[in-house]
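I have placed the structure first, in the form of structure tokens, so that the comments after it can refer back to it.
The values are calculated or read from the model by the stated rules, or taken from the named source; none is laboratory data. This one's a predicted model, so the numbers in the text were calculated from it and none came from an experiment. Counting neighbours? That spans all protein chains shown, and the Cβs are built from the backbone with ideal geometry, glycine included.
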Amino acid sequence: MEKILDLISQKMGDAFEAAGYDRSYGRVTVSNRPDLCEYQCNGAMAAAKVYRCAPIQVAQAVVEKLDAADFEEVTAVMPGFINLRLSGAFLCRYLETMRTAVDFGVNKEPEAKTIVVDYGGPNVAKPLHIGHLRSAIIGESMKRIYKFFGNHTIGDVHLGDWGLQMGLIIMGLKSQQPELCYFDDSFTGPYPTEAPFTIGELEKIYPAASARSKEDPEFAKAAHEATFALQEGRPGYKALWQHIMNISLADIRKNYDNLDVHFESWLGESDAQPFIAPMLEDMKAKGLTQESEGAVIFPVAREDDKKEVPPCILVKSDGATLYGTTDLATMVQRERDFKPHKILYLTDKRQSLHFEQVFRASRMAGIIRPETELEFLGFGTMNGKDGKPFKTRTGGTMRLEQLIAEITEFVRAKVVENKIVSEDEVENTTRMIAMAALKYGDLSNQPTKDYIFDMDRFAAFEGNTGPYILYTIVRIKSILARYGAWEHLPIQIPVSRSQKDLMLTITRLAPALESAYRTSAPNLICAYIYELAGAVNAFYHDTRILSETDKNLQAGYISLIALAKGILELCTNLLGFKAPEKM
Ligand code: ARG
């Protein structure tokens, strides 16, 4: 359906035209002085210049042509502004259309586009850390927003499963258990189905091997060679790699499930391997790559570059391929399998140069079609209260699991202390509130900005927080439950200021969602629902809803808060969390 500003602008355009001026002057905006009016039009100023008369004259002439039924108040004020307040009847009709339309009348894409969202990037056998948390939270929300607007979305986890960590683990294991068949060249298989380590052991092998490689150059070299041998397909190493994958993936899935983050595609860097050789071949044939000291590089600099953009290194002198190589080869695979209209990547913004290089190379090599859009959404760091990257209390890197455990524990204490729900519901309610605290705390910031993780603030039930939004939804749910059947009650003309404010706020849903969609900014949805929740609570404090004796008036209140609830639930779902029944 039409956005309310477009609708009012049309009416204003009609009035300009009827008064003898061009209708393009009729653009209406939301008032920046809500104390004076709800909407305003400044078109008379510009028109006056063209028609050579006083702006106030134009404004007065236009005001006379406006349909009085649509406006509670229209005034032409010096020097030539037109101030508007909508009539309750107009607003009521608009909201009733929203209430009965699919997805509240927000317009979808006329044609579905295929969007690949690359927002996982966990590194197999290494613990997930909070950089991966931001990617998961923002990426999941962006994917849900794309889908809501009618697109076909594919979330790809893009596992880091092919890098040096694999060589380090293999060599780490070899130094502990050199007798294993995986290291025996004469072994002809089959390899055991049972892994020679548990997840607990695996988690220890990697950091130990990584630390050792920094002090022991021989070991580091061996790990590099093992990585290369794995990439070349050495059977024993491939078998070990499969064990590492199986064990680690189960853990990774569990972590994402806990976050209510779900991927449609579970491919990794290793799946790009078959595409690498033909891709390099093709690039070479096109004369795009060069040999440099034994390495293969792809220059991507442009003359008008303000900063130096170094070449993409595709193959190192020891034959190993790199992060950029797999990213390019992955594009080959995505192009073949999905023909995407767009690929959206999410990582820490420190990877922006990497993506600049990869995007340029992919265009130059014609890996993706020219019309395919590539977007890199680089996000800022999550910091501790000291302004430095978030650490554990003892100063170590914070693991995702631990962070979630801490915030969950914090919320659980509140839930228990305030006796919010019965004992058997504590866990579920706690989890929902903790997720809202964590996700809203993250998403309410502009993605590119660093932010401070502050548990007290994020988990507070008041203020600009996830739990406050949930609290508002739960409050409405409880009123509705006490009222009874509300599903078919129509919207009614507002009878108070706070009721009208709530209605006006509801009309701003579509522009808020659209800007979030167009600018990759879930924070705009947060800002919108914070405003909406504020309007709901102001209305609630101002109005006797359940004790209202005028049944007709009461039904109008109920349908309005039910509509607000539907919108809040839609938005929280797009952000990736849900409200419990009680709070
Ligand atoms: N595994 C990478 C990391 O932990 C992130 C991968 C992001 N996606 C990509 N296509 N490069 O930094």
Problem - Selected residue (criterion: farthest from the ligand (Cβ to nearest atom)) from residues of region 335-358 that are under 22 Å from P122 (Cβ atoms) and of a type in the set (D, E) - result: D337
Exercise for the section: Considering each residue of region 47-74, count those that are among the hydrophobic types (A, V, I, L, M, F, W, C) and surrounded by fewer than 17 Cβ atoms within 10 Å (Cβ to Cβ), and give that number. Expected result: 5
Exercise for the section: Output yes when any residue across region 100-123 is within 15 Å of the ligand (Cβ to nearest atom) and of a type in the set (G, A, S), and no when none is. Expected result: yes
Fill in the blank from the handout: The lone condition L249 fails out of (1) within 16 Å of the ligand (Cβ to nearest atom); (2) touching a Ser or Thr at 6+ places or on another chain (Cβ under 9 Å) is (2)
Exercise for the section: Output yes when any residue across region 339-346 is surrounded by fewer than 19 Cβ atoms within 10 Å (Cβ to Cβ), under 25 Å from the mean Cα position of the chain (by Cα) and of a type in the set (K, R), and no when none is. Expected result: yes
Practice task
Look through V102, V116, V106 and report the one residue that is among the hydrophobic types (A, V, I, L, M, F, W, C), modelled with pLDDT of 95 or more and surrounded by fewer than 20 Cβ atoms within 10 Å (Cβ to Cβ).
Solution key: V102
Handout entry: Options L249, L230, L240; residue that is assigned to a helix (DSSP H, G or I), touching a strand residue (DSSP E or B) at 6+ places or on another chain (Cβ under 9 Å) and closer than 15 Å to W162 by Cα
Key = L249
Completion exercise
Of those in region 465-513 that are among the basic types (K, R) and over 15 Å from Y528 (Cα atoms), the residue surrounded by the fewest Cβ atoms within 10 Å (Cβ to Cβ) is R482
Fill in the blank from the handout: Screening F187, F197 for residues that are more than 10 Å from L168 (Cβ to Cβ), buried (at least 17 other Cβ atoms within 10 Å of the Cβ) and out of contact with any strand residue (DSSP E or B) (no Cβ under 6 Å at 6 or more places or on another chain) leaves only F197
Exercise for the section: Tell me which residues, restricted to region 503-525, are assigned to a helix (DSSP H, G or I), hydroxyl-bearing (S, T, Y) and within 23 Å of L374 (Cα to Cα). Expected result: S515, Y517
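In this structure, does V332 turn out to be buried (at least 17 other Cβ atoms within 10 Å of the Cβ) and away from the ligand (no atom under 16 Å from the Cβ)?
no
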Exercise for the section: Test E548 against the criterion of being within 27 Å of the chain's Cα centre (by Cα) and surrounded by fewer than 18 Cβ atoms within 10 Å (Cβ to Cβ), and give yes or no. Expected result: no
Exercise for the section: Only residues in region 345-361 that are closer than 7 Å to G378 by Cα count as the first member; pair them with residues that are in a strand (DSSP E or B) and near the ligand (Cβ under 8 Å from one of its atoms), Cβ under 8 angstrom, at least 6 apart or cross-chain, and list the lot. Expected result: L346/D118
Exercise for the section: Please enumerate the residues belonging to region 21-31 that are of a type outside the set (F, W, Y), in a helix (DSSP H, G or I) and buried (at least 20 other Cβ atoms within 10 Å of the Cβ). Expected result: G26
Practice task
Consider D161 carefully, then state whether it is loosely packed, with under 13 Cβ neighbours inside 10 Å and at pLDDT 90 or above.
Solution key: no
Problem - Test: residue in region 366-381 that is buried (at least 19 other Cβ atoms within 10 Å of the Cβ), touching a residue at least 60 places away in the same chain (Cβ under 8 Å), over 28 Å from A516 (Cα atoms) and within 16 Å of the ligand (Cβ to nearest atom) - result: yes
Practice task
Within region 171-183, identify whether any single residue is away from the ligand (no atom under 16 Å from the Cβ) and of a type in the set (D, E, K, R), and answer yes or no.
Solution key: yes
